[in-house]
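The values are calculated or read from the model by the stated rules, or taken from the named source; none is laboratory data. All of these numbers come straight from a predicted model, not from anything done at the bench. Methodologically, a virtual Cβ is constructed for each residue, glycine included, from the backbone with ideal geometry; neighbour enumeration extends over all protein chains shown.
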Amino acid sequence: MGKEKWLAVIIVAVGIVAGISGLFLFSGEEATRATLPEKVDKITTDIGITYLPVTPGIADYYRLGVNYGALVTQVVAGSPADLGGVQTGDVILSFNGARIEGQPPLLSMMLACPPGNNVTLGVWRQQQTRTIEFFHR
């Protein structure tokens with residue numbers, strides 16, 4: 001192979017490596033912020049929770065006792081979810097009667113429920129199912 005072909009191969013290889021490396025530098029949070037409208041942050045803050053979708057790996061790691069839903073990782077103090085009794089570590093199994101499994105994810109369900117409505121959650125806590133209700137302001 002001539003010098004020109006080797007140089008072309010090296011340039012292409014460096015470009016591929018740089019492109020792949022760039023993918024790992026772009027976090028999921030940045031991707032979410034880049035693709036969701038600004039209004040999403042306000043709406044989800046009004047509900048007052050952050051969560052992880054429950055996968056088989058998450059269920060096993062945290063020994064949840066259920067293999068679907070949304071694991072609550074944070075509850076904002078004074079939020080509707082907090083006032084309704086949602087706790088960190090709860091697994092939300094349903095949102096207004098719709099089971100949280102596959103699609104649509106919990107975020108889509110929350111966004112489809114505008115402020116001014118009551119929210120009913122089916123929650124798994126301490127190996128028991130509970131119902132939690134609160135007003136989405």
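What the table shows:
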{"quantity": "Candidate set from the range 73-85 (those that are among the β-branched types (Val, Ile, Thr) and closer than 17 Å to residue 136 by Cα); member that is modelled with the lowest pLDDT", "calculated": "76"}
{"quantity": "Some residue of the range 121-129 being farther than 22 Å from residue 55 by Cα and of a type in the set (Ser, Thr, Tyr)", "calculated": "no"}
{"quantity": "Residue 98 without any contact (Cβ under 8 Å) to a residue 40 or more places away in the chain and more than 14 Å from residue 47 (Cβ to Cβ)", "calculated": "yes"}
{"quantity": "Elements of type strands (runs of 3 or more DSSP E) contained in the range 83-137, each with 1 or more residues being of a type in the set (S, T, N, Q) and surrounded by 17 or more Cβ atoms within 10 Å (Cβ to Cβ)", "calculated": "91-95"}
{"quantity": "Residue list for the range 85-95, filter: within 15 Å of residue 54 (Cβ to Cβ) and in contact (Cβ under 8 Å) with a residue 24 or more places away in the chain", "calculated": "89, 90, 91, 92, 93, 94, 95"}
{"quantity": "Of residues in the range 67-81 being in a loop (DSSP other than H, G, I, E, B) and under 17 Å from the mean Cα position of the chain (by Cα), the one surrounded by the fewest Cβ atoms within 10 Å (Cβ to Cβ)", "calculated": "67"}
{"quantity": "Residue list for the range 55-72, filter: free of Cβ contacts under 8 Å to residues at least 40 places away in the same chain and farther than 24 Å from residue 118 by Cβ", "calculated": "55, 56, 57, 58, 59, 60, 61, 62, 63, 67"}
